Amino acid sequence: MEGQSRWEKVFDAIRTSLWGVGIIATVLGARSLGAFHALELMALDRFLTLNTQLSIESTDEDITLVEIDPPHVQGSVEKGYTITADSLADILETIFANEPTVVGADIVSYRITGENQERLRSLINQHSNLITVANYSSSNSAEPITGLSKSQLEDQVGFNDLVFDRDGIIRRAFLGSYFLSDEADSYKISFAIQVAKGHFYSKAQADEGKRFEIENGIRDPDTMRFESREIPRLVSNYGYTEQQIGGVQTLINYRGNPKPFEVVTVSDLLEPQTDRSSLIKDKIIILSLAGAAHDFAIPVTIADRTLDESPLASGIEIQTHIISQIVQAVEEQRPLIWTGRTAQYVFLVGVSILGISCGRFSKDTLSGLISLLVTVFASIFLSYLFLLRLGLWLPLTAALVSTTANGLVYINYAQNKRRSEKMIQQLDLALDNERQLSERLAFERKKTIENMFDSIHNGPLQTLANLLRRTRDATIDLPDICLGLEDLNREIRYIGDSIKQDAHDQKDSLDVSYAGTKFDLDIPLQELFQEVYDAMLSRPLLGFSNLKFTIISFAPIESEILSIDTKRKLCRFLEEALGNVGKHALGATRLVVTGKNKDNHYELTVADNGSGGNGNEVETGEGTRIGKEVEKITGGKFIHKPNKPKGFFCQLTFPLST
């Protein structure tokens, strides 16, 4: 039976576990089709915005943004500013005079005017850490500055193209791609990578350390790495399609500060009182034209604008965030945002199992909902913590959907199961109560029958036996027979009336039909013994007719230690013992009835010196039955034997702790 119950539990656990497996599989299937991609990107945006609002990172002191403002530029904001090659060369010479590690000039070629650009090309030849830009994918594509060598095009030119998600937000950095053909020499490197590479090269030269070369990845050969720091490449498994992900792209980990970088205009930089060394020396300088870049939507909220008061970010700001994250990742081990199928599955399945546990092991619905709420908040916090500390982007929304669905399903299941178990318990309790009631009624019925039998046996049957004996012995005349029959009739009727009365009367009493009364069982036991003795000795039984000498003594006994049923049985025992004297002790002249306290026991003795009765009747009679029954109830000892020199001796000894 236990094995069957155990297998039933195992089967039930397997059956109910399939619900959770089904929900998890459904969420995973929907996620693989991109159903949660937009929501997961929104969650990523909220985390990055939270970083900014909490200012969890300080301003990047290794980067300075320099904006070329009027009067150093020509044109208007509406049409876009331009700058002459000579003005740009003057500004660059001033900057390089203060020894930056690298200068990234994010100024496309068609914004540089003037016929003679030889001076600008000379600066590019002179400073290998001067990076210029090109643009290949936008409608306003721009070729590199003319007249550059092949090595300069490879090492000092980077594209500044941006990639947009479907909702128009820029979350990805474009690091490298084949733009023109499948030839190896057509592979282009982004402006951010070129600036970072130039920064590492300059630092290595200054410190005479090892130069960080850009190489293919080790774990992912299709991505880029600097020394051991591999840039996680975005793949098409998590909502982005192959068409959306061209070349090498990575997620941008925007710096968590409302003012991420130091900003200065050229006008301020050229002021005599300006400490140019603190702004430029050993720093990455990003140079751009005022108003040259369009504004773009990014995930983070910028409280203090970097270059202007627009609510959106400019292209140069986004490029600077990309440069900062790459440099900080290599030099300071700042996390880059990455994701992995195994990590995502483990997280989603793990928190889903926690959601299942909230329902299956909760004590009630409220505690289940509270634990589910705690699990949801813990999942959000854990996902944010992994992103903040490790850069691991986990599928939060899909996990929350799976966790909440599993939690609610299993909370409802647990609630229904508890309700069903409670109903079963109530039914079992009702059946148990009914069984106990039935047993109690059967016991009461048995006890009533026994009490009725004892009343009949010690009352009318004793009277009838006495009449029969005297009739056989011809020691009774007709008037006495009539009187005896009248007594018998009265006793029988009394028993019937007593039964009817007991059905309505809840008092504990002892029926004494031959005396036409009831004895209250709540009075002390020694008084009950005395009343039983008096009632029995008043009966016209032959054994009592010649008594000359009686010894009556009942020592006090603590009645509280005895139950009502025990007291009733003791009284019936005494009644039966005295009845046997009246029936069988013919010619008895001496009767001893005593109750004594002895060694924490009570001895109840009835002895006579009559002729006695048949030995077989003594062994099998009602008196012996009652004596053995009382012996069992009280845990005492019952003795019945012939008395010396004649008569009969009957004694019941029981412990007072009964």
Quote to one decimal, in nm, the extra length available between ASP12 and ARG341 on full extension: 0.36 nm per residue of separation minus the C-alpha distance between them.
115.3 nm
How many nm is it between the label spots at ILE564 and VAL21, if each spot is 7 Å from the Cα in line with the beta carbon?
6.3
Whichever lysines have a C-alpha closer than 19 Å to that of LYS281, once near sequence neighbours (fewer than 8 apart) are set aside:
LYS197, LYS203
Cross-link partners of LYS446 among aspartates and glutamates (Cα-Cα below 14 Å; sequence separation of 8 or more within a chain):
ASP454, ASP565
Accessible surface, segment 339-405, averaged per residue in Å² (probe 1.4 Å):
48
Vicinal HN-Hα couplings computed from phi for segment 564-574 (Karplus, 6.51 cos²θ - 1.76 cosθ + 1.60; Hz; Gly/Pro x):
4, 5, 5, 5, 5, 5, 5, 5, 5, 4, 4
Computed lengthening from SER141 to ARG469, 0.36 nm per intervening residue step minus Cα-Cα distance:
104.0 nm
Helix-only mean residue ellipticity at 222 nm, the chain, DSSP H runs n ≥ 4 weighted -39,500 (n - 2.57), per residue, nearest 500. What is it?
-16500 deg cm²/dmol
If I compute solvent accessible area with a 1.4 Å probe over the protein chains, what percent of it on the chain is carbon and sulfur?
55
Counting DSSP beta bridges with both partners in the chain, what percentage is antiparallel, nearest 5?
60
With a 1.4 Å probe and all protein chains in place, put LEU521, LEU312 in order of accessible area, largest first.
LEU312, LEU521
Using 0.36 nm per residue of separation minus the Cα-Cα distance, give me the extension gain between ALA204 and LEU441 in nm, one decimal.
75.2 nm
Taking H placed 1.01 Å from N in the peptide plane, check which residues at least 5 places from VAL157 or on another chain put their amide H under 5 Å from its amide H.
THR132
Within the under-15-Å Cβ sphere about LEU348, not counting LEU348, Lys/Arg +1 and Asp/Glu -1 give a net charge of +1
Which pairs break 25 Å Cα to Cα here: LYS259/LYS283; LYS447/LYS596; LYS596/LYS641?
LYS447/LYS596
List the aspartates and glutamates whose Cα lies under 14 Å from the Cα of LYS548, skipping any in the same chain that are fewer than 8 positions away.
ASP608
Among segment 381-403, those whose backbone N falls under 18 Å of a label point 7 Å along Cα→Cβ from ALA30 are 395-403
Over 27 Å between Cα atoms: which of LYS567/LYS637; LYS518/LYS598; LYS583/LYS644 fall into that group?
LYS518/LYS598
At the level of C-alpha centres, the distance separating segment 115-142 and segment 260-293, in angstrom, is 19
Euclidean distance of C-alpha centroids, segment 364-395 and segment 525-557, integer Å:
87
Spacing of the two label points (7 Å from each Cα toward its C-beta) at LEU483 and SER228, in nm:
12.6
P(r) for the chain, please, calculated from all Cα pair distances in 10 Å bins and given in %.
3, 12, 15, 11, 6, 5, 5, 5, 5, 5, 6, 7, 7, 5, 2, 1, 0
Nearest-0.05 FRET efficiency for GLU115 and GLU61 at R0 = 51 Å, using Cβ-Cβ distance, is 0.80
If packing is taken as the average count of other Cβ atoms within 10 Å, what order do 271-282, 327-338 fall into, highest mean first?
327-338, 271-282
Nearest 10, in degrees from 0 to 90: the angle of helix 85-96 to the longest Cα principal axis of the chain is 60
For segment 36-332, what does the alpha-carbon gyration tensor say about shape, rounded, prolate or oblate, given a ≥ b ≥ c as the root eigenvalues, a/c under 1.5 as rounded, and a/b over b/c as prolate?
rounded
For the chain, give the magnitude of the charge dipole about the Cα centre (Cβ charges: +1 Lys/Arg, -1 Asp/Glu; no others), in debye to the nearest 20.
3920
The helix 341-360 Cα axis meets the longest alpha-carbon principal axis of the chain at an angle in degrees, between 0 and 90 and rounded to 10, of 30
Indicate, rounded to the nearest 5 percent, the antiparallel portion of the DSSP beta bridges found entirely in segment 36-332.
45
If you fit an axis through the alpha-carbon atoms of helix 365-390 and take the longest principal axis of the Cα set of the chain, what angle between them do you get, 0 to 90°, nearest 10?
30
For LEU392, list long-range residues whose amide hydrogen, built 1.01 Å from N in the peptide plane, is under 5 Å from its own amide hydrogen.
TRP338, LEU387
1/(1 + (r/R0)^6) with r = Cβ-Cβ of SER611 and PHE549, R0 = 25 Å, i.e. FRET efficiency to nearest 0.05, evaluates to 0.90
Go through segment 1-91 and name the trypsin sites (Lys or Arg not before Pro) that are in a DSSP coil and have 14 or fewer other Cβ atoms within 10 Å of their Cβ.
LYS79
How many nm is it between the label spots at TYR187 and SER278, if each spot is 7 Å from the Cα in line with the beta carbon?
4.4
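The values are calculated or read from the model by the stated rules, or taken from the named source; none is laboratory data. If you're wondering where the values come from, they're calculated on a predicted model, not measured in any experiment. In this analysis, Cβ positions are derived from the backbone assuming ideal geometry, glycine residues included, and neighbour counts consider all displayed protein chains. With ligands, DNA and RNA removed, areas are computed over all heavy atoms of the protein, side chains included. Shrake-Rupley method; radii C 1.70, N 1.55, O 1.52, S 1.80 Å.
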